[in-house]
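Presented below is the structure to which this report refers.
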Amino acid sequence: MVKRMRLLIAALMFIMAATVNAQITTSSITGKVIDNNKESVIGATVKVVHEPSGTSYGAVTNVDGRYTIQGMRVGGPYKVTVTYIGYKTQEVNGISLQLGETYNLNVNMSEDAQQLGEVVVLGSASKFSAEKTGATTNISNAQMLSLPTVSRSIEDIARISPYANGMSFAGGDGRSTNFTLDGANLNNNFGLNDGLPGGGNPISMDALDEVQVVVAPFDVRQTNFIGGGINAVTKSGTNTFKGTAYIYYNNENMHGNRVNNADLGERGTNRTTTYGFTLGGPIIKDKLFFFANAEYSLVPSVANRWRASSDGVADASNYISRTTIADMQTVKDFMMEKYGYDTGSYTDYPADEDNLKLLGRIDWNINDNHHLAVRYNYTKNTAWNATNGNSSDTGYRLRNMNRLSQYSMAFANSMYSMENKVASISADLNSHIGNISNQLLFTYSDIEDVRGSDSDVFPFIDIMAGYSTAADGTVTQTLEPYMSLGYELFTYNNRVQNKITTITDNFTYYAGAHKITAGINFEHQLANNSYMRGGTGYYRYRSLDDFLSGAAPETVGIAYGYNGDTNPTAQVQFNQYGLYVQDEWNVTDNFKLTGGIRFDNISFDNDDLMRNNAIYELDFGGKHIDTGAWPNSNIQISPRIGFS
């Protein structure tokens, strides 16, 4: 238990270090409206329409002729219309907005007392039109579709950034990189491996609208970076019904096996088939839209190649074990007749890996000032694994003599599955009234890694290869495995669960050449690790004859929870609070100065801990160590400054 608690605390430290509250889900547009005399046009009406969906946004220029609209849909094309009495109407078409960036569009209006016509300008999605807050790379859906990819994953997409190698930034561990989907945390927070949850691929590429890779941003809304941040937003429905159906197939014949004209040998079987569809469209034109995606991948796999022999002679080159078919059948029948326990097959083993992804999204244009997006996604990845090789509760391991090997065989119900599950929801409300805008974002993610088994709850049993008895009665055990059965030794009650709830509110006020942003962020995390080695019991018999005759086992192991707990877990909960303010000052038309500061604090739940009174009673010069209370936290202060 102490070992598991140490692991939990180490994982917690990683969670605290690696969590990044990026939560960037929208785009913005800003600019200045002037006349032919370079004078600011005050009170001009700016209307921006997302043409595919008819979503409309509006603003009025201030005393400096400036306007800003936040909380806009990513992508485009957008049409911008600027009107003012006594001036020709200006239209700018073909604007595309990038995730997390502000598009800068300045408009020059000409006087026209008769207002006889309008001017139409074609806009372009130049990278130089976007205002960045650090080193960022934006990857559109069109780019994703044209990128070569093997795994169809976020890791492949992120490599387009010069700073990234998969989830690793500048050579760092991938667990220090943050990934958010529509603002929701989809990270491997517990950190047992460096891949993303859901089997390393929690979202389909065909559901993504845009991905942004950020490094060292000075936007005050983003915090706690160690590596980098990857923000992704999902597709939305439009006024046009659109759908796709797709199949992706990949096998070993599509993989190269030569380096510098040197043949690397025969390629092993490696096949992946992915089926999927997308569908989006209007529920109410210009008002309510939907988007859905479903994807299923199947990877034929072999978790166990070993087979029992007919004559008791092992052939390692052909994966034939010395354990005989007759002995396997004898034990299988014996277990069913005496205990009613099904050991599973000894010829057919579960193996294939499969992955299911589901996503649904609703976008609602409540009115021109309020826009709501709600998204839910679910991912389940299942992969089968062979019985543990040679660990046991005997104090030593039989190195190089696994339970599935030339020496030994195990039954199918002693295999175990690893199920990686992700369920996430986000609700994003963006409002704009006059010179005030607001984003209210709620997210919840439930991430689980669970070991599974086809076995009924039953002890795990190792049967050794036999022993010899000397004349004086001394028994010499043959330290070689022969057969194993039962509920896999490390699988019962083995689960990691991570639940993350966040609430963020970003308030923005436009005052002349200043855009002032203030916000609060709350995050609650629960990390739960249940692990019960040998939780169903462990028995080891000296020989097959001993097992079948009912002789006493050579080793017995029993695991139980503290204080009679049948489902022991190590759990930690904590809350993180953030408060921040930022001023973006347009010093000139071509120079912006950004300054901000944020305050972060963390608090823990002491109910998750247990005081060890023996340690507490130790006196260290008048000081005592309380294992039942977390240390006091300190407020972290993070000043930000940047210019563009």
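Taking Lys and Arg as +1 and Asp and Glu as -1, the other residues whose beta-carbon sits under 11 Å from that of Y376 total +1. Spin-label model, S638/L548: points 7 Å from Cα along the beta carbon direction are separated by 6.7 nm. As a fraction of the 1.4 Å probe accessible area of the range 506-556, surface on carbon and sulfur atoms comes out at 57 percent.
With all protein chains present, how much of the accessible area of the range 255-350 (probe radius 1.4 Å) comes from carbon and sulfur, to the nearest whole percent?
Working: 2850 of 5620 Å².
Summing carbon and sulfur atoms, their accessible area is 51 percent of the total for the range 255-350.
Average accessible surface for the range 234-346: 59 Å² per residue, computed with a 1.4 Å probe over protein heavy atoms with every protein chain in place. Coordinate range of the alpha-carbon atoms in the range 540-615 per principal axis, descending: 92, 36, 21 Å.
Over every pair of different alpha-carbon atoms in the chain, take the mean of 1/r and invert it; report that Kirkwood radius in Å. Computed over Cα pairs of the chain, the Kirkwood hydrodynamic radius comes out at 28.6 Å. Taking 0.36 nm per residue of separation and subtracting the current Cα-Cα distance, fully stretching the chain between N318 and K287 would add 4.7 nm.
Antiparallel as a % of all DSSP beta bridges within the chain, to the nearest 5?
Details: 204 of 227 bridges.
For the chain, the DSSP antiparallel bridge percentage is about 90.
When peptides 401-407, 259-265 are ranked by their average number of other Cβ atoms within 10 Å per residue, the highest-first order is 401-407, 259-265. Rounded to the nearest 500, the helix-only mean residue ellipticity at 222 nm of the chain stands at -2500 deg cm²/dmol, with each DSSP H run of n ≥ 4 adding -39,500 (n - 2.57). Applying 0.36 nm per residue to the separation of N193 and D368 and subtracting their alpha-carbon distance, the gain on full extension is 58.5 nm. To the nearest ten degrees, helix 325-339 and the longest principal axis of the Cα atoms of the chain are 80 degrees apart. Neighbours of A207, meaning other residues whose beta-carbon lies under 10 angstrom from its beta-carbon, give a summed charge of +1 when Lys and Arg score +1 and Asp and Glu score -1. Taking a virtual spin label 7 Å from the Cα of A135 along the C-beta vector, which residues in the range 159-203 bring their backbone nitrogen under 13 Å of it? Flagged as within label range: 161-165, 169-172. For the range 469-602, the C-alpha radius of gyration divided by 2.2 N^0.38 Å, with N the number of residues, is 2.19. Protection proxy ranking of 50-57, 412-419, 347-354, by the mean of other Cβ atoms within 10 Å over each peptide's residues and highest first, is 412-419, 50-57, 347-354.
Modelled spin labels at I597 and S151, positioned 7 Å past Cα toward Cβ, are 4.2 nm from each other. If you take all other residues with their beta carbon under 13 Å from the beta carbon of G557, and give Lys and Arg +1 and Asp and Glu -1, the sum is -1.
Taking every Cα-Cα distance in the range 496-572 and sorting them into 5 Å bins starting at zero, the pair-distance distribution P(r) comes out as 3, 11, 11, 9, 9, 8, 8, 7, 6, 5, 5, 4, 4, 3, 2, 2, 2, 1, 0 percent.
The mean accessible area for residues of the range 438-578, using a 1.4 Å probe and ignoring ligands and nucleic acids, is 41 Å² per residue. Restricting to Cα pairs below 8 Å that are 6+ residues apart, what does the relative contact order work out to for the range 401-542? Please round to a whole percent. Once divided by the residue count of the range 401-542, the mean separation gives 28 percent. Excluding same-chain neighbours fewer than eight residues apart, the lysines reachable from K38 by a Cα-Cα span under 23 Å are K47, K88, K515, K592. Remark: relative contact order (the chain) = 10 percent; criterion is Cα-Cα distance under 8 angstrom and separation of 6 or more residues.
With the full set of protein chains in place, find how many percent of the accessible area of the range 576-644 is carbon and sulfur; take the probe as 1.4 Å. Before the final figure, lay out the partial values.
On the way: 2640 of 4660 Å².
For the range 576-644, the apolar C and S fraction of the accessible surface comes to 57 percent.
Peptides 498-506, 557-565 ranked from most to least packed by the mean count of surrounding Cβ atoms within 10 Å: 498-506, 557-565. Against the main long axis of the alpha-carbon atoms of the chain, helix 2-18 sits at an angle near 20°.
The values are calculated or read from the model by the stated rules, or taken from the named source; none is laboratory data. All of these numbers come straight from a predicted model, not from anything done at the bench. With ideal geometry, Cβ positions are generated from the backbone for all residues, glycine too; neighbour counts draw on all protein chains shown. Please note that ligands, DNA and RNA were not included when accessible areas were found on the heavy atoms of the full protein model with its side chains. Shrake-Rupley method; radii C 1.70, N 1.55, O 1.52, S 1.80 Å.
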